[in-house]
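So the structure is just underneath, and the comments pick up after that.
The values are calculated or read from the model by the stated rules, or taken from the named source; none is laboratory data. This one's a predicted model, so the numbers in the text were calculated from it and none came from an experiment. Neighbour counts are summed over all protein chains in view; Cβ atoms, including those assigned to glycine, are modelled from backbone coordinates with ideal geometry.
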Amino acid sequence: MSPMTPRVSILIPCYNASATVERAVDSALAQTFRDIEVIVADDGSTDSSLAALERYRGDARVSIHAEPHRGGNGTRNRLLELARGEFVQFLDADDELAPKKLEVCLAAFTGDVDVVFTDRDFHGGDPGQVGRYPEPTGDVVEYFISNSVVTMLPVSRLADVRAVGAFDASLPCCQEYDLHLRLALHRWRKIRHLPIPLCTYYVTPGSTSSNQGRLFTTRVAVLRRFAEEELGADGLTPGRRDVIATELMNCARILLRCGHEDDALGAYAFARSLSPATPYPAKWPLRLAVRLVGPVRAERVRTWLTRRLGSG
């Protein structure tokens with residue numbers, strides 16, 4: 001393809017990321033696959049992000065856009081409007097791509113493959129964090145319900161992302177989870193996972209993804225809307241009911257631990273309505289207690305017993 005129509009658009013939203021955005025842009029420009037454009041949209045930063053980006057003004061591969069503040073999802077949608085490539089690669093302004101990310105992903109595309117995604121490494125945060133995904137099998141929708149593939153891992157076709165309406169600008173987080181569910185339902189038929197970490201996710205204390213209460217409350221809302229509005233009665237196969245219910249049960253338990261009891265009860269009740277036999281994600285004594293007295297009381301008793309036994 002000619003330089004006027006790059007094959008891949010690397011899209012970077014930036015908000016108050018003056019300390020890290022150059023690392024992200026440099027990793028984009030270091031790609032061994034060269035037919036790219038790098039588009040950075042500054043989301044109304046109040047720090048020196050735009051000043052840090054000035055060093056790229058002379059590079060024909062890079063375009064910098066100073067935008068009004070829209071939030072992360074609105075800025076990603078603006079980037080999709082600006083993109084000209086056949087494929088898109090998202091990259092947050094505090095993360096990093098390995099040099100061969102695009103080369104390896106594009107080599108994995110064949111005529112019947114709709115999306116290719118990789119694993120990731122972590123920098124900072126919990127040393128036990130693992131960014132490895134299971135090999136996709138079976139129903140594509142079920143896979144993306146069970147596995148939240150983060151924004152920078154896939155290489156997707158721009159036309160597919162636009163066709164499903166891009167990102168939901170109203171979501172405070174879980175934007176990629178919501179988008180990938182819609183893509184899996186409407187556009188993606190064959191997906192390819194490459195079990196190698198070709199991105200680095202930098203864990204920042206206090207970031208959106210570190211707020212577990214908001215994260216899992218939003219995930220529950222996304223799943224409920226997806227089940228009721230996107231899938232509907234015809235699309236809710238038994239397998240999808242079971243997978244959604246399992247994910248909701250996991251969310252409910254995490255929300256209880258975060259003190260979000262009402263949200264947890266809502267997730268638990270909806271899971272039961274979809275698949276009454278789906279077990280609570282705990283060992284059998286607690287699972288039985290949940291059946292008898294409900295998840296809130298059962299978890300309170302478990303916490304009390306744990307503290308008593310620990311203090312003894």
- Task: State whether the residues of the range 99-114 include one that is among the hydroxyl-bearing types (Ser, Thr, Tyr) and either closer than 24 Å to Leu248 by Cβ or modelled with pLDDT of 95 or more (or both).
- Result: no
- Item | Residue in the range 288-304 that is more than 30 Å from Gly124 (Cα to Cα) and in contact with a Ser or Thr (Cβ under 8 Å, 6 or more places away or on another chain) present | no
- Those residues of the range 235-247 that are within 14 Å of Thr218 (Cβ to Cβ) and more than 21 Å from the chain's Cα centre (by Cα) come to a total of 0
- Answer with yes or no whether Pro238 is in the same structural domain as Val220 (by TED's automatic domain parsing), at pLDDT 95 or above, surrounded by fewer than 16 Cβ atoms within 10 Å (Cβ to Cβ) and at negative phi. yes
- Note on the structure: All conditions in (1) surrounded by fewer than 18 Cβ atoms within 10 Å (Cβ to Cβ); (2) assigned to a loop (DSSP other than H, G, I, E, B) are true of Gly85 except (1)
- Query: What number of residues within the range 227-255 are among the hydrophobic types (A, V, I, L, M, F, W, C) and either touching a Cys at 6+ places or on another chain (Cβ under 9 Å) or within 16 Å of Asp178 (Cα to Cα) (or both)?
  - Reply: 6
- Any idea which of (1) assigned to a helix (DSSP H, G or I); (2) under 23 Å from Glu176 (Cα atoms) is the one Ala93 doesn't satisfy? (1)
- Task: Sort out for me the strands (runs of 3 or more DSSP E) sitting completely within the range 1-73 that have 3 or more residues that are touching a Cys at 6+ places or on another chain (Cβ under 8 Å), farther than 27 Å from Leu198 by Cβ and not basic (Lys, Arg).
- Result: none
- Message: Which numbered condition in (1) at pLDDT 95 or above; (2) more than 15 Å from Leu97 (Cα to Cα) is the only one that Ser2 fails?
- Response: (1)
- Message: Could you go through the range 159-181 and let me know if any residue there is part of a helix (DSSP H, G or I) and in contact with a Cys (Cβ under 6 Å, 6 or more places away or on another chain).
- Response: no
- Could you list, in sequence order, all residues of the range 149-200 that are within 24 Å of Phe122 (Cβ to Cβ), of a type in the set (Val, Ile, Thr) and in contact with a helix residue (DSSP H, G or I) (Cβ under 8 Å, 6 or more places away or on another chain)? Val149, Val150, Thr151, Val155, Ile191, Ile196
- Query: List, please: which pairs have Cβ atoms under 9 Å, are six or more places apart or on different chains, and start with a residue in the range 133-155 that is touching a residue at least 24 places away in the same chain (Cβ under 8 Å) and part of a helix (DSSP H, G or I) and end with one that is basic (Lys, Arg) and buried (at least 16 other Cβ atoms within 10 Å of the Cβ)?
  - Reply: Val141/Arg240; Glu142/Arg240; Ile145/Arg240
- Per the filter on the range 248-287, residues free of Cβ contacts under 8 Å to residues at least 40 places away in the same chain, in a loop (DSSP other than H, G, I, E, B) and under 24 Å from the mean Cα position of the chain (by Cα) are Pro281
- Query: Before we move on, is Ser27 in contact with a Gly (Cβ under 9 Å, 6 or more places away or on another chain) and among the polar types (S, T, N, Q)?
  - Reply: no
- Residue hits (the range 5-46; over 19 Å from Arg57 (Cβ atoms) and either at pLDDT below 95 or aliphatic (A, V, I, L, M) (or both)) are Thr5, Val8, Ala19
- Message: Against the conditions (1) modelled with pLDDT under 95; (2) out of contact with any strand residue (DSSP E or B) (no Cβ under 6 Å at 6 or more places or on another chain), where does His180 fall short? Just the number, please.
- Response: (1)
